[in-house]
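Enquirer: Attaching a single structure in structure tokens format; questions to follow.
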Amino acid sequence: MVSSVKVVATNMSATPRPRNENRDEPPPIVLKEVYDLRFDERDRAAKDAIWKELGKFFQRYIKPGARVIDIACDEGYFIRNVQARERWATDIRAVEASLPRDVRFVRASGLDLADVITNDYFDLAFFSNYLEHLPSTEAVLQQLRVAFALLKPGGRVLILQPNIRLVGGSYWDFIDHQTALTEKSLSEAARMAGFETKQIIARFLPYTTKSRLPQSAVFVRAYLAFPPAWLVFGKQTLYVGEKPLTR
């Protein structure tokens, strides 16, 4: 048990804030319904295979003894495939059943995390295919500021993000995509939030796991080991930013 954090939850959930009850507003998109329709069991198995290899790649960004938080973790594809001193995951949905028992789960909106988890605590914060679901560029900036608050000085944010400049109109093929970002607008927002940009790989991964590319572990491992292939197939950007040691 960690005494220095406001919320310590091992596969337990915090109560989410109530929604706006204004009946004049349209009902919100229910993410579980969206994902149940979009991904079947075969899709989930393919994502598992891909993320086992991606976890090995992302491990290079995690220092020994690090505290790592996966924000908007979905079913925990990232956090259960990396090793760290402490592994945390958050999501607005109750997804703790899909996480390993040692992963500390906090059920909350990503935008609220600075209010429920101790700030200046984590060595690395991770987002994957999340910021495009936020309702506005203002919300994207707010989310990055929340990540900045959670990180220790010298801590890093690692963002895997579809790039509309590379994806084009297919960016809007998913009903829950609301905000468009390129590598330049993502970097600009991160700088506005206080981060120093350390690395940008504009073309990194293919757009979606539902692509026609082979998804075996051997293929993914070979793809990650051969950056020239990224220039052909990469539609997602990898951004790495650092919270300065002093401000």
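Enquirer: Could you list all residues from region 73-96 that are in a strand (DSSP E or B) and hydrophobic (A, V, I, L, M, F, W, C)?
Expert: Residues satisfying the conditions are 88, 89.
Enquirer: Could you please find all residues in region 97-127 being assigned to a helix (DSSP H, G or I), under 11 Å from residue 147 (Cα atoms) and of a type in the set (Gly, Ala, Ser)?
Expert: Passing the criteria: 110, 114.
Enquirer: Could I ask something else about it? How about region 166-209: which of its residues are closer than 23 Å to residue 147 by Cβ and among the small types (Gly, Ala, Ser)?
Expert: Across region 166-209, the qualifying residues are 180, 185, 187, 189, 190, 193, 194, 202.
Residues checked against (1) touching a residue at least 24 places away in the same chain (Cβ under 8 Å); (2) charged (D, E, K, R); (3) surrounded by fewer than 20 Cβ atoms within 10 Å (Cβ to Cβ); (4) within 20 Å of residue 155 (Cβ to Cβ):
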{"position": "67", "(1), (2), (3), (4)": "yes, yes, no, yes"}
{"position": "72", "(1), (2), (3), (4)": "yes, no, no, yes"}
{"position": "77", "(1), (2), (3), (4)": "yes, no, no, no"}
{"position": "96", "(1), (2), (3), (4)": "yes, yes, no, no"}
{"position": "101", "(1), (2), (3), (4)": "yes, yes, yes, no"}
{"position": "115", "(1), (2), (3), (4)": "no, yes, yes, yes"}
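Enquirer: For the list (1) touching a residue at least 60 places away in the same chain (Cβ under 8 Å); (2) of a type in the set (Lys, Arg); (3) within 27 Å of residue 63 (Cβ to Cβ), I need the number of the one condition that residue 191 fails.
Expert: Only one criterion in (1) touching a residue at least 60 places away in the same chain (Cβ under 8 Å); (2) of a type in the set (Lys, Arg); (3) within 27 Å of residue 63 (Cβ to Cβ) is unmet by residue 191, namely (1).
Enquirer: For region 176-228, which residues satisfy the criterion of being modelled with pLDDT under 95 and of a type in the set (S, T, N, Q)?
Expert: 178, 179, 208, 209, 211, 215, 216
Enquirer: Six or more apart or on different chains, Cβ under 6 Å: which pairs go from a residue in region 135-155 that's closer than 18 Å to residue 91 by Cα to one that's surrounded by fewer than 21 Cβ atoms within 10 Å (Cβ to Cβ) and of a type in the set (Val, Ile, Thr)? Could you list them?
Expert: Listed by first residue and then by second, the contacts come to 140/179.
Enquirer: May I ask you to list the residues in region 222-232 that are farther than 30 Å from residue 151 by Cβ and surrounded by 15 or more Cβ atoms within 10 Å (Cβ to Cβ)?
Expert: The answer is 229, and nothing else.
The values are calculated or read from the model by the stated rules, or taken from the named source; none is laboratory data. The structure presented is a predicted model; accordingly, all values stated were derived computationally and were not measured. With ideal geometry, Cβ positions are generated from the backbone for all residues, glycine too; neighbour counts draw on all protein chains shown.
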